[in-house]
Amino acid sequence: MKDAFMPWQLVALAGFGLLFGLVGCTTPPALEQAISPEAERADYPALLPADQLPTAMAEAPSGTDIANSLDARAASLRARAAALMLATP
């Protein structure tokens, strides 16, 4: 009798059937209203050849600059905490 469904398997199967049945009854979103008429009538943007694409990127800060900035911020916060500790009775 190993081929028969166990009671929990029937419950799980019925639950999944109910879940998928309810999902199938939902109202789909109104996709035709997602794009404005002006956007539909707009021209496609001009495409540039690869050699005309901008290549200049903002220079990323170095690790030393980041570490110095964080050290300065930490020192500032420690000083502020010390001043608050002195001001608190």
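Summary table below
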item: Max mean-square fluctuation residue, GNM over the chain, Cα-Cα springs under 10 Å, options Ala34, Ala50, Ala74; result: Ala74
item: Residue (of Ile66, Ala42, Pro89) at the positive-pole extreme of the chain, dipole from beta-carbon charges; result: Pro89
item: In Hz, Karplus ³J(HN,Hα) per residue of the range 61-73 (6.51, -1.76, 1.60; θ = phi - 60°; x = Gly, Pro); result: x, 6, x, 5, 4, 5, 4, 5, 5, 5, 5, 5, 5
item: The chain: most fluctuating residue of Ala42, Ala30, Ala72 per GNM, C-alpha cutoff 10 Å; result: Ala72
item: Helical mean residue ellipticity (222 nm; -39500 (n - 2.57) per DSSP H run of 4+; nearest 500) of the chain; result: -18000 deg cm²/dmol
item: Magnitude of the charge dipole, the range 1-87, Cβ model with Lys/Arg +1 and Asp/Glu -1, debye to 20; result: 680
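Laboratory data are not the source of any read-out in this text; all were calculated from the coordinates shown. As the structure is a computational prediction, the values presented were derived from the model and not from experiment. Counting neighbours? That spans all protein chains shown, and the Cβs are built from the backbone with ideal geometry, glycine included.
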